[in-house]
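In what follows, a single structure is set out as C-alpha cells and then discussed.
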Amino acid sequence: MALRGTSDGLAIPVLMDEDHTEPSLEHHVSSSAPDPSLDTVEWVLRAPKRNKHGHQSFTASNLISNNAQLGGWSPDHRETSWMGADPEKSGQLLGDHGTAVDGSQGLDGGHEEEMLFPRKAVLMYLGALLPVLVLCIIDLPGFEGERAAQRCVGLLLYASFLWATNPIPAHITALSIPLLAVLLRVCCVPTDPDSSALLPYNVDIHVNNTHTVLGAKEAASMLSSSMFDPVILLFLGGFAIAGALDRYNISNRIAAFLLSSAGTRPSRVLLVLLVMGLIFSGFMSNVAAAVLVTSIISPMVQALSNQTQWPQMALLGVAFSCNIGGMVTPIASPQNLIAVLQIRNVKGSVSFAEWTGFALPSCLVVLGLCWIILRNMFKTNLPCGIEFRQEAPPPVSKKEIFVGGVVGATIVMWILFDPLKSTFGNIGIIAVIPVVIFFGFDLLTKEDFDKLPWNVIILMGGGLALGTAVETSGLLQKIADAVENALKGQGLWIVMVTFNFLMAITANFISSTVSAIIFLPLIAKVGASIGHVNALTVTACMMTSGAMGLPVSSFPNANAYSIRKKDGASGFISNSDLIKSGFLMTGVVFVVIHTCLLYTS
C-alpha cells in the first residue's frame, strides 16, 4: 500500500498492483472501530472511473459508527466518492450520485442527481396510459353506443403493454386494473343472464338487455369479488402443500429415492430429474417444483468441471420438465386455474380427473422426446459418470406421516370432486383444508405464511378482475363475434390450430400466465359457441406451458437461467442454449398435443 499526496495536502491510500499501477478501489471502515484508521480499511478492487476532467474517482462506503469521523467525512453520508488529483476539488467528499457533502455538485459528470422515480419506468408507464386517455376521447369505428367497451380496449392495451415490458412489477400492474376499471366506468350490467360476474344484490340483471354502466360502488364490489375468486383458494392450497412437503423433507425423501435409483450414468440421472420435475409440478405447482429440484441438483452442477455440458443439460431438463408438468393437473400452474375458471364462466366444466386423463399421456410423450433432444444436443464427456452424494435422511417422524396423509387426502378429494360437489360446492373450498390444518396447528408458521408467493396470487387476482371487466363491458362478446365470423365455416381443427399457434407465439414473449389471462376468456367464449369449449380451452392452456423458448416465457425458465457458476460471473445457461432448445420443445409440444387429440377424438 502507498500514500499519494494531492495539491491540498490530503494523503490518499493507494493499493498498488504487481506492475505498480493504481487500480480503482473501494474501502470499508469497520463499524467496531470508534476511531477508524487506515489499518481498519478493507480494499476491494473496482473498475476505474474517470470524471469529466479526466481524473479517477474512488468510491468509499461508510460503515463506521455515528461517533466516528475520518478527515472531515460526515458519518451521516453513507455513500461518498473521494476525488483526487484536482487542484480545486481534491479531497472533496461527495454524497450519493456525485453530490458534495456541502451540497455542491461534484466533478464526476457521469453521476446524475438522484431522481424521485426511475425515468424510463415513468415514461413507459405514461406510454401505457396513453391509449386509455385517447380511447376515452375519440370514437372508434364499430363501437357506436358502446363507449364502455371502447374504454375497456384502452384498459386491455394498458395491461398488456405493462405486462409485456415490465416497467413496474407485474403484480402492481394487476392491482391497478380494478382501480382503473372503476375510474373509467368500463363495467356494465351483463346482457347474458348466465354471466359469471358476481353482481351486488341491488343490481338486477333482468331489468334490461342493454349495456347499462355500473356505478362506482357496484363496479368496485364486483371487481373485488373477482380478485378473490375460489380459484385463488385453490392456488393458495397448492402453495401450502408445497411448503409443508418441503418443511418436513417429504419432497427431499422422494427426490433422494429417485436419484439413488438412477445410478451414475448421466443420461439416467437426467431422466430421473425430468420425472421429478413432472411429478412435483403436477401436485405442487411448477413454481415450487422448479425451486425445489434446482436446489437439489445445484451442488451437483457446481461441482462438475467446465469440460462437460451436463450442467446445461440438467438445468434445462429441470426447467422443461417443470413446464411440461405444469400441464398435468388443474393445480399445476396458474394458467391451468385460469382455464378452469373460464370454462366454468361459459357454463362448461372440466374435472380434475378429466384434465389429468387427457394431459398426462401427452406430457409423458413430450417428456420422453425432451430427454432424447437434450441428450443429443449436449455432450456430457463424463466417462466416470455422476455420483450423487446426499446425507442419510432422519427417521420418518409422526409429523411427516400426518402431513403426507393430509396432502394425500386433499389430492384424492380433488380427483373425486364430482361426487363431493354437493358437500363442498367448489374445488377451491377443498384447498382450504390443508391451509387451515398446516397453519392453524403450527405445522407451518406465520413466517411461512408471509413467504407465500403473494405476488403471483395478486397477479392472478388482477387477471381475473381484467377478465370480468372485459366480459361485462361487452368487449369480450364483440371480439368473440369477430373471431367467430372470421373462422366461420372452418372445422374444429383449423380453429384449434389457429388458437394454439397464437398461444405458442405470445406465451414465449409475454409469459405463459399473462397470455392465459389475456386470451383464454376469448378462446373459451369461441369454444362455447362452436360446442367444443373444453378441447379449445384446455389445449390452448397447455400450449402456454409448452412455450419455453425464452427466460421470460415461464418461471421455471427464468429460475434455471438465473443459476450462476461459482465465480458468479456467468450463468450455466446462455441465451442461445435456451433459444435453440426451448423453441424446439415448443414445436414438439404443439405437434404432440394435436397428435394425441387426433387419436383420442
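Tell me which residues, restricted to segment 409-449, are open to solvent by 70 Å² or more (accessible area, probe 1.4 Å) and within 14 Å of residue 247 (Cβ to Cβ).
441, 442, 446, 447, 449, listed by residue number.
Determine if segment 322-343 includes at least one residue that is more than 22 Å from residue 288 (Cα to Cα), surrounded by fewer than 22 Cβ atoms within 10 Å (Cβ to Cβ) and either modelled with pLDDT under 90 or of a type in the set (S, T, N, Q) (or both).
No, segment 322-343 contains no residue that is more than 22 Å from residue 288 (Cα to Cα), surrounded by fewer than 22 Cβ atoms within 10 Å (Cβ to Cβ) and either modelled with pLDDT under 90 or of a type in the set (S, T, N, Q) (or both).
Report the residue count in segment 479-501 for those that are open to solvent by 20 Å² or more (accessible area, probe 1.4 Å) and in a helix (DSSP H, G or I).
The qualifying residues number 13.
Output the residues belonging to segment 514-529 that are touching a Phe, Trp or Tyr at 6+ places or on another chain (Cβ under 9 Å) and open to solvent by 20 Å² or more (accessible area, probe 1.4 Å).
Once the filter is applied, which keeps residues that are touching a Phe, Trp or Tyr at 6+ places or on another chain (Cβ under 9 Å) and open to solvent by 20 Å² or more (accessible area, probe 1.4 Å), segment 514-529 yields 518, 519, 522.
Is it the case that residue 504 is over 28 Å from the mean Cα position of the chain (by Cα), part of a helix (DSSP H, G or I) and at pLDDT 85 or above?
No, not satisfied.
Are any residues in segment 255-285 assigned to a loop (DSSP other than H, G, I, E, B) and closer than 22 Å to residue 554 by Cβ, and if so, which ones?
Residue satisfying the conditions is 285 alone.
Looking for something farther than 23 Å from residue 515 by Cα, at pLDDT below 80 and either outside any loop (DSSP other than H, G, I, E, B) or open to solvent by 10 Å² or more (accessible area, probe 1.4 Å) (or both) - is there at least one such residue anywhere in segment 359-366?
For segment 359-366, residues farther than 23 Å from residue 515 by Cα, at pLDDT below 80 and either outside any loop (DSSP other than H, G, I, E, B) or open to solvent by 10 Å² or more (accessible area, probe 1.4 Å) (or both): absent.
Scan segment 158-179 for residues that are of a type in the set (Val, Ile, Thr) and either at pLDDT below 85 or in contact with an Asp or Glu (Cβ under 9 Å, 6 or more places away or on another chain) (or both) and jot them down.
165 - this is the single residue of segment 158-179 that is of a type in the set (Val, Ile, Thr) and either at pLDDT below 85 or in contact with an Asp or Glu (Cβ under 9 Å, 6 or more places away or on another chain) (or both).
The values are calculated or read from the model by the stated rules, or taken from the named source; none is laboratory data. Note that this is a predicted model, so its numbers are computed, not measured. Positions of Cβ are generated from backbone atoms using ideal geometry, with glycine treated the same way; all protein chains shown enter the neighbour counts. Note: areas computed on protein heavy atoms with side chains; ligands, DNA, RNA excluded. Shrake-Rupley method; radii C 1.70, N 1.55, O 1.52, S 1.80 Å.
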